[in-house]
Structures are given as C-alpha cells and as structure tokens.
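Here's the structure, in structure tokens; my notes come after.
The values are calculated or read from the model by the stated rules, or taken from the named source; none is laboratory data. Since we're looking at a predicted model, the values are computed, not measured. Glycine gets a Cβ as well: all are built from the backbone with ideal geometry, and neighbour counts include every protein chain shown. SASA here: full protein model, heavy atoms, side chains in, ligands and nucleic acids out. Shrake-Rupley method; radii C 1.70, N 1.55, O 1.52, S 1.80 Å.
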Amino acid sequence: MLFRSFQTGMIAHKIVRDAVPTAVPIYSMKYNRPANPVLYHAYPDAYKMPGFVLLDTCSPDEWMGRIYNSKFGVDIARDFAGGNAALEFASLGVPLIGNQLLESQADLFPDISFDYKDAQGIKQAIHKLLNDKDFYNEVATKAHSRAVSHWNSSVVVNEI
C-alpha cells in the first residue's frame, strides 16, 4: 500500500501502521528538512517511521507508476489540499482513503472519505480494503467511473 503524505504528521502514520498487518509493506514519501536553516528553521528534522519504506521524490511518471502498483493509498490531509491525489488514484482505479472535506476525494471515494481525526473509521476502511474484494472492486470502479464522468478536463472547463 502507498501512504502518500509526509506532511500529515506522525499521528496519521501511526493510524496506518496500527491498521496494516506487519507483512504488508507500507511505502511513504520521504521527508527531508530543507537545506537552508535560515529560511526553514521551523521545519522538523527528517524522521523515520518503523515499518515504512521511505521513497524519494520522483517524476510524475514514476509517481503514477507507484500509485498503479499499490493496493490502495492513504492521504489524510489535515489542512488545505488541492485534491489532486484523489484524481491521480481514481484515474488509475486505485482506492484512496482521504479527507472528506476535499471535494474530489468525497466525490470519487465517498465510501472511504473521513474526517482526518476519525482514526477508527480510517482503520476500518484499511481493513475492509485489504480483506473484502467486492468492496475494494466497488470503490475502485466507482472512483474510476466518476473520474472520467465528473473530473475529465473538458467537463471541468465547461462547468467553470
């Protein structure tokens, strides 16, 4: 599985680690503190999470390959986000557990969208995606279909 966000903090990482069996690899984007200490003094140091394989920044093509080769993703953004992760995952038919306040997330993945503090709901969704093939396929198919019908660039441009 792919845990997308490095910026969401250790609580989200802990929720994922507690919900995923230890035999299932968890991949997460690596966080490195920016090099300029004057400009970025408030940024935390780089850290490692036990049980996570940390991935370096990559090209857009490599990123899409990482999504495609993942069982599902988790991107519980606590603060404002653009919602592009939901579109990327849905376009490839890969479920993404995410924040219900993001319009694209809520539309594409209504069954696996949560308040970022809903640890129990997130854990249950992880368990269900890992163990219920019918649920997994329904979520993936619905998201891909909605990405094509609701979020295609020609549809979005016409609505604006």
Exercise for the section: For F114, enumerate residues with amide H under 5 Å from its amide H, sequence gap 5+ or separate chain, H modeled in the peptide plane. Expected result: G98, N99, Q100
Problem - Within-14-Å neighbourhood charge of P25 [Cβ basis; K, R +1; D, E -1] - result: +3
Handout entry: Computed lengthening from H127 to E103, 0.36 nm per intervening residue step minus Cα-Cα distance
Key = 6.2 nm
Completion exercise
The answer for the stretch 93-145, accessible area per residue at 1.4 Å probe in Å², is 49 Å²
Handout entry: the stretch 95-160: C-alpha gyration tensor shape, a/c 1.5 cut-off, then a/b vs b/c
Key = oblate
Practice task
Enumerate the calculated ³J(HN,Hα) couplings along the stretch 137-151 in order (Karplus 6.51 cos²θ - 1.76 cosθ + 1.60, θ = phi - 60°), each rounded to whole Hz, writing x wherever the residue is Gly or Pro.
Solution key: 5, 5, 4, 5, 5, 4, 5, 5, 4, 5, 4, 6, 7, 10, 10
Completion exercise
For the stretch 50-108, the accessible surface attributable to carbon and sulfur atoms (probe 1.4 angstrom, ligands and nucleic acids excluded) amounts in percent to 54 percent
Exercise for the section: Rank these residues by their accessible area, most exposed first, probe 1.4 Å: Y136, Y68, Y116. Expected result: Y68, Y116, Y136
Practice task
Give, as a single signed number, the net charge of other residues whose beta carbon lies under 14 Å from the beta carbon of A106, with Lys and Arg counted +1 and Asp and Glu -1.
Solution key: -4
Handout entry: Solvent-accessible surface (1.4 angstrom probe) belonging to H13, in square angstrom, nearest 10
Key = 10 Å²
Exercise for the section: Enumerate the calculated ³J(HN,Hα) couplings along the stretch 58-64 in order (Karplus 6.51 cos²θ - 1.76 cosθ + 1.60, θ = phi - 60°), each rounded to whole Hz, writing x wherever the residue is Gly or Pro. Expected result: 9, 6, x, 5, 5, 4, 4
Exercise for the section: Enumerate the amide H contacts of L55 below 5 Å, restricted to partners 5 or more residues apart or on another chain; note that Pro and chain-start residues carry no placed amide H. Expected result: S28, M29, K30
Problem - Distance in nm between pseudo-label sites at K71 and M10 (7 Å out along the Cβ direction from Cα) - result: 2.6 nm
Completion exercise
Once the in-chain neighbours fewer than 8 apart are removed, the lysines whose Cα is under 24 Å from K133 read K71, K123, K142
